[in-house]
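The values are calculated or read from the model by the stated rules, or taken from the named source; none is laboratory data. Owing to the predicted nature of the structure, the values given are computational and were not obtained by experimental measurement. FYI the Cβ positions are ideal-geometry reconstructions off the backbone, even for glycines, and counts take in every protein chain you see.
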Amino acid sequence: MKFKSILCTLLMLSLVLPVIAESNSKKEIPDFSTTERKNIPVEYTWKIEDLYPNIKTWENDKKELVHMIDQIEKKAKDWTTSPQNMLAFLEFRSEMMKKGFRLASYSNNQSNMDLSNPTFQQMRGDLQNMAVQVRAKLSFMNNDILKLGKEKFHTYVKTEPKLEPYVFSIDDTFRMETHTLPTDQQKIASLSDLFSDTARRASGILNNVELPSPEITLSDGKKVTLNYANYVLYRASNNRADREVVMKTFWENHKKFENTFAVLVDGGMKQHLFNARIHKYKDCLEARLYENNIDPAVYYNLIKYVRENLEPFHRYMNLKKEMLGLDKFKYADMYASAVKHVDKKYNYDEAKEIISNSMEPLGKEYTDMLKQAFENRWIDIYPNKGKQSGAYSSSVYGVHPFIKMNYNGSYDNVSTLTHELGHAMHSYFSDKTQHFANSEYPSFLAEIASTFNENMLIHHLLKHEKDDLLKLFILDGFIQTVKGTIYRQTHFAEFELAMHQKVEEGGTLTPQWLNQKFLELARVYYGHDKGIVEVDEYIQEEWASVPHFFLNYYVYTYSTGMIASMALCDMVLKGKEPEQQKYLSFLSAGGSRYPLDTLKLAGVDMTTAAPFKAAFKRFEELVSEMEKIVKRLKK
């Protein structure tokens with residue numbers, strides 16, 4: 001979609017740029033942030049009934065799952081004694097897991113729409129307990145496979161070709177032999193799953209439900225309840241005083257609960273340490289990366305290469321300071337549009353059109369599935385009272401992905417929707433192509449398809465937009481995304497590494513240590529001591545609101561994902577149908593290979609410096625393009 005040209009007068013006051021008019025669409029962006037979930041118009045909600053039409057149907061399916069769990073021991077008898085017995089049990093397990101994931105998806109998604117609803121909390125708890133039972137009852141599998149032996153297993157596959165979809169995961173079991181516990185010990189370890197998620201869930205409820213939201217008064221006299229959705233909205237305000245009061249108030253409010261947050265984070269990291277130690281890994285990082293066959297050097301190289309390439313990021317910060325007409329750039333200015341006074345909004349229909357057009361280079365099948373997502377209510381669009389903050393995509397094998405948004409019309413939200421649709425399409429193509437056993441793509445690949453979409457979006461917008469002011473606005477939005485995905489997430493990754501190392505050394509994560517370490521690293525990445533960005537002390541509390549720290553070395557995949565996706569996007573845009581099909585094959589690979597091997601087949605080798613160099617080169621080019629546009633506007 002091409003934007004209409006904006007007619008405005010350039011105000012030549014230093015680098016102060018003009019007001020850009022809002023979208024001329026008559027369709028408003030509704031605000032349901034204080035509306036009860038039951039009162040949200042159905043067309044704005046996802047079609048959860050595609051999973052189950054009602055709770056009664058969910059309960060009936062849960063009873064069937066209970067029955068399947070009770071049958072595990074009977075079904076597992078002599079399961080490795082013949083190819084046919086092995087196939088029968090593996091397929092039974094697949095059906096049981098599919099049912100469990102479907103039940104969990106319904107309860108989790110429903111709960112996230114209304115975190116205060118006790119019914120859905122209870123349903124989630126029931127499923128968690130059942131998952132623990134299943135893992136405990138299946139704890140014999142790896143040891144039985146190891147006793148069978150790799151050679152004999154492959155003779156089974158020759159006899160029974162239907163075992164082929166299970167070859168990759170079973171061969172991986174042989175690779176993991178050193179870290180596999182005896183069956184009786186694995187049963188005990190599995191019981192820790194009863195409480196392993198407690199810290200993450202408690203932190204989420206505290207952040208999203210029980211943390212009192214302070215009220216602030218903005219410069220125009222408007223009173224705002226500073227929940228997370230409003231924090232995200234108003235931290236990007238065009239008024240600097242408003243930005244500062246929003247950020248300062250929000251994080252100082254978190255400080256009142258820093259002791260509780262610290263206990264939860266400490267417990268989460270020690271749960272990771274427990275799992276690493278009992279499975280005989282040298283540390284938590286090796287334990288997390290070994291399962292995907294990833295060399296820890298990839299993690300350390302990410303931190304190394306990002307630290308070595310802070311200069312273009314700092315250049316962008318300096319440019320942004322000039323464009324905002326500031327004498328000093330503060331952390332509170334981070335989310336403001338560099339194009340001063342811009343309040344560009346995209347209603348949801350505009351966002352759909354822009355995203356669909358930007359993905360046309362991927363071909364008809366891809367864009368047809370985007371249409372399905374938009375028209376068949378795969379997406380829960382707007383915030384509502386009690387809804388979990390942020391956004392995610394959740395896939396369900398045999399159904400379709402579900403996307404949670406909290407859409408507010410900002411460019412950042414258009415980019416976020418594009419991002420989550422990338423996840424959804426990754427899941428769609430993987431589920432369509434792969435057997436259930438290989439359908440789940442590994443976490444290392446999880447953020448590549450999503451950030452690939454963001455790259456495609458910015459390419460489309462910059463290609464079709466002629467107005468320098470809007471190009472500047474769009475560039476600023478995307479560079480903010482790259483900044484957040486590469487630089488910010490690597491900051492988080494280094495902080496997470498430090499947290500794990502602290503508990504590995506026998507330490508405790510106190511509020512004082514967490515605050516000091518987070519602030520210390522923030523000031524390095526944002527150039528505080530170089531006079532680039534003034535990072536105020538209240539930013540030290542930001543660690544408390546990052547749920548991804550409980551996911552055990554997940555945040556780094558945002559950074560590596562963006563770096564890999566930049567290379568893939570360049571390949572698709574410069575290529576033709578073979579390159580397009582190569583990318584679709586990447587989406588379709590699921591978990592059928594180790595992630596680094598999947599990427600190599602797609603043309604990207606993350607064990608080398610090449611993709612990192614390419615990503616930082618591209619980032620530097622974007623910053624340079626902004627600088628050129630600013631110079632043109634000054635004339």
Considering (1) closer than 23 Å to PHE402 by Cβ; (2) under 28 Å from the mean Cα position of the chain (by Cα), say which one VAL132 fails and leave the rest. (1)
Only one of VAL167, VAL209 is modelled with pLDDT of 95 or more and either assigned to a helix (DSSP H, G or I) or over 29 Å from the mean Cα position of the chain (by Cα) (or both); which? VAL167
Is it true that GLU447 is modelled with pLDDT of 95 or more and either buried (at least 20 other Cβ atoms within 10 Å of the Cβ) or more than 22 Å from ARG201 (Cβ to Cβ) (or both)? no
GLY268 - would you say it is within 24 Å of LEU211 (Cα to Cα) and either surrounded by 19 or more Cβ atoms within 10 Å (Cβ to Cβ) or not hydrophobic (A, V, I, L, M, F, W, C) (or both)? yes
(1) of a type outside the set (Ser, Thr, Tyr); (2) part of a loop (DSSP other than H, G, I, E, B); (3) surrounded by fewer than 19 Cβ atoms within 10 Å (Cβ to Cβ) all hold for GLN388 apart from (3)
Selection count, segment 109-146, where residues are closer than 22 Å to ASN60 by Cα and in contact with a Lys or Arg (Cβ under 6 Å, 6 or more places away or on another chain): 1
Could you list, in sequence order, all residues of segment 425-444 that are within 12 Å of the chain's Cα centre (by Cα) and crowded, with 22+ Cβ neighbours inside 10 Å? PHE444
Being among the hydroxyl-bearing types (Ser, Thr, Tyr) and without any contact (Cβ under 8 Å) to a residue 60 or more places away in the chain narrows it down to one residue among THR433, THR485, THR451, THR416; which is it? THR416
Considering each of LYS147, LYS158 in turn, give the residue that is surrounded by fewer than 16 Cβ atoms within 10 Å (Cβ to Cβ), touching a residue at least 12 places away in the same chain (Cβ under 8 Å), part of a helix (DSSP H, G or I) and of a type outside the set (Ser, Thr, Tyr). LYS147
Tally, over segment 67-102, of residues that are of a type in the set (Val, Ile, Thr) and either surrounded by fewer than 13 Cβ atoms within 10 Å (Cβ to Cβ) or under 18 Å from LEU163 (Cα atoms) (or both): 2
Every residue in segment 431-463 that is of a type in the set (Asp, Glu) and over 16 Å from LEU421 (Cβ atoms), please. GLU440
Residue within segment 234-249 that is over 27 Å from the mean Cα position of the chain (by Cα), buried (at least 20 other Cβ atoms within 10 Å of the Cβ), more than 30 Å from GLU286 (Cβ to Cβ) and hydrophobic (A, V, I, L, M, F, W, C) present: yes
Sole exception among (1) closer than 16 Å to LEU370 by Cα; (2) surrounded by fewer than 20 Cβ atoms within 10 Å (Cβ to Cβ) for THR418, by number: (2)
Mind checking which pairs have a first residue in segment 302-320 that is touching a residue at least 12 places away in the same chain (Cβ under 8 Å) and closer than 21 Å to GLU627 by Cβ and a second that is part of a helix (DSSP H, G or I) and aromatic (Phe, Trp, Tyr), Cβ under 6 Å, 6 or more apart or different chains? ASN309/PHE616; PRO312/PHE619; PHE313/TYR487
When you check GLU322 against the structure, is it surrounded by fewer than 18 Cβ atoms within 10 Å (Cβ to Cβ), of a type outside the set (S, T, N, Q) and more than 23 Å from VAL245 (Cα to Cα), yes or no? no
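Quick grid of which residues meet (1) at pLDDT below 95; (2) on the phi < 0 side of the Ramachandran plot; (3) in contact with a helix residue (DSSP H, G or I) (Cβ under 9 Å, 6 or more places away or on another chain):
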{"position": "LYS26", "(1), (2), (3)": "yes, yes, no"}
{"position": "SER33", "(1), (2), (3)": "yes, yes, yes"}
{"position": "TYR44", "(1), (2), (3)": "no, yes, yes"}
{"position": "ILE48", "(1), (2), (3)": "no, yes, yes"}
{"position": "TYR52", "(1), (2), (3)": "no, yes, yes"}
{"position": "TRP79", "(1), (2), (3)": "no, yes, yes"}
{"position": "ARG93", "(1), (2), (3)": "no, yes, yes"}
{"position": "VAL134", "(1), (2), (3)": "yes, yes, yes"}
Within segment 508-545, which residues are in contact (Cβ under 8 Å) with a residue 40 or more places away in the chain, surrounded by fewer than 18 Cβ atoms within 10 Å (Cβ to Cβ) and either outside any helix (DSSP H, G or I) or on the phi > 0 side of the Ramachandran plot (or both)? THR508, THR510, GLU534, ASP536
Quick one: which of ILE40, ILE29 is closer than 30 Å to LEU633 by Cβ and aliphatic (A, V, I, L, M)? ILE29
Search result, residues across segment 322-354 that are more than 13 Å from ASN238 (Cα to Cα) and not aromatic (Phe, Trp, Tyr): GLU322, ASP327, LYS328, LYS330, LYS345, ASN347, ASP349, GLU350, ALA351, LYS352, GLU353, ILE354
Report every pair of residues separated by at least 6 positions or lying on different chains whose Cβ atoms are under 8 Å apart, first residue within segment 398-410 and within 19 Å of ILE29 (Cα to Cα) and outside any strand (DSSP E or B), second modelled with pLDDT of 95 or more and charged (D, E, K, R). MET405/ASP380; MET405/GLU420
Scan segment 325-334 for residues that are of a type outside the set (Phe, Trp, Tyr) and either touching a residue at least 24 places away in the same chain (Cβ under 8 Å) or under 15 Å from SER559 (Cα atoms) (or both) and jot them down. GLY325, LEU326, LYS328, LYS330, ALA332, ASP333, MET334
Which of the residues belonging to segment 175-194 are within 12 Å of ARG135 (Cα to Cα) and touching a residue at least 24 places away in the same chain (Cβ under 8 Å)? THR183, GLN186, LYS187, ALA189, SER190, LEU191, SER192, ASP193, LEU194
Just to verify a result, which residue in segment 598-612, among those that are in a helix (DSSP H, G or I) and touching a residue at least 60 places away in the same chain (Cβ under 8 Å), is farthest from ILE563 (Cα to Cα)? THR598
